[in-house]
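Each value in this text was obtained by applying a stated rule to the coordinates, not by laboratory testing. Quick caveat, the model's predicted, so the values are computed rather than measured.
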């Protein structure tokens, strides 16, 4: 099982300099040996955002050799941010709105 605290720290380091204005929420979670990075954006992300998130996922998975894979999910949502437990859901970033 992956340590959620270590995972969040690794993700925060990987995301330094890679947060873009269209990003509303970023969270990470380990589901067994699979790491899931979720990015909520207000509009279709451009190629630069996708490349930066791909680079970040490569850095994150490199820190966890016991992980079998990493997935990145983009969700386009201009509505309200979900009301959920920010610690258990692994929130890393939330844009001030």
**Request:** For helix 47-62, report the angle its Cα long axis makes with the longest principal axis of the Cα atoms of the chain; keep it between 0 and 90° and round to the nearest 10°.
**Result:** 20 degrees
**Request:** Could you check which residue among 22, 72, 47 shows the biggest mean-square fluctuation in a GNM of the chain with a 10 Å Cα cutoff?
**Result:** 47
**Item:** Extension gain from residue 89 to residue 46, taking 0.36 nm per residue of separation minus the Cα-Cα distance
**Value:** 12.9 nm
**Prompt:** If you line up the long axis of helix 4-15 against the longest principal axis of the chain, both from Cα atoms, how many degrees apart are they, to the nearest 10?
**Reply:** 50 degrees
**Message:** Need one number: % antiparallel among DSSP beta bridges in segment 18-97, to the nearest 5.
**Reply:** 60 percent
**Request:** State the extension gain, in nm to one decimal, for the chain segment bounded by residue 66 and residue 19, taking 0.36 nm per residue of separation less the distance between their alpha-carbons.
**Result:** 14.2 nm
**Request:** With viscosity set to 0.890 mPa s and temperature to 25 °C, compute the Stokes-Einstein D of the chain, Rh being the Kirkwood radius across alpha carbon pairs; µm²/s, no decimals.
**Result:** 182 µm²/s
